[in-house]
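Read through the structure below, which is laid out as structure tokens, and then see the notes.
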Amino acid sequence: MKSKKYIINTLLGMFFATTLFIVGCSSTQDVALAKSGAQLWGENCVRCHNAPSPTAFSDIQWETIGQHMRIRANLTAQQTDKVVEFLKMAN
């Protein structure tokens, strides 16, 4: 039978490993969520094509384009909303 000290050390090790994993994942998500629409637009739209001017389309057109590009650029709903709001500010 294993000693209490061994069991406690094993459980503490598992706890700390899990905590580090969760903190590592959440900090990556926090960085992505903290970005502004302008940052997300600049980082994502120019990866595949020349990004059009924010004044090139109406608010309704930007909403439609945003939904289309969300899938193509693999953006979250929140990221897409931020980009579309940034683009709509130009109109």
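The values are calculated or read from the model by the stated rules, or taken from the named source; none is laboratory data. The structure presented is a predicted model; accordingly, all values stated were derived computationally and were not measured. Methodologically, a virtual Cβ is constructed for each residue, glycine included, from the backbone with ideal geometry; neighbour enumeration extends over all protein chains shown.
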### Message
Take Ala17 and tell me if it is at pLDDT below 90 and either outside any loop (DSSP other than H, G, I, E, B) or within 17 Å of Asn91 (Cβ to Cβ) (or both).
### Response
yes
### Query
Any idea which of Lys82, Lys88 is in contact with an Asp or Glu (Cβ under 6 Å, 6 or more places away or on another chain) and buried (at least 16 other Cβ atoms within 10 Å of the Cβ)?
Lys88
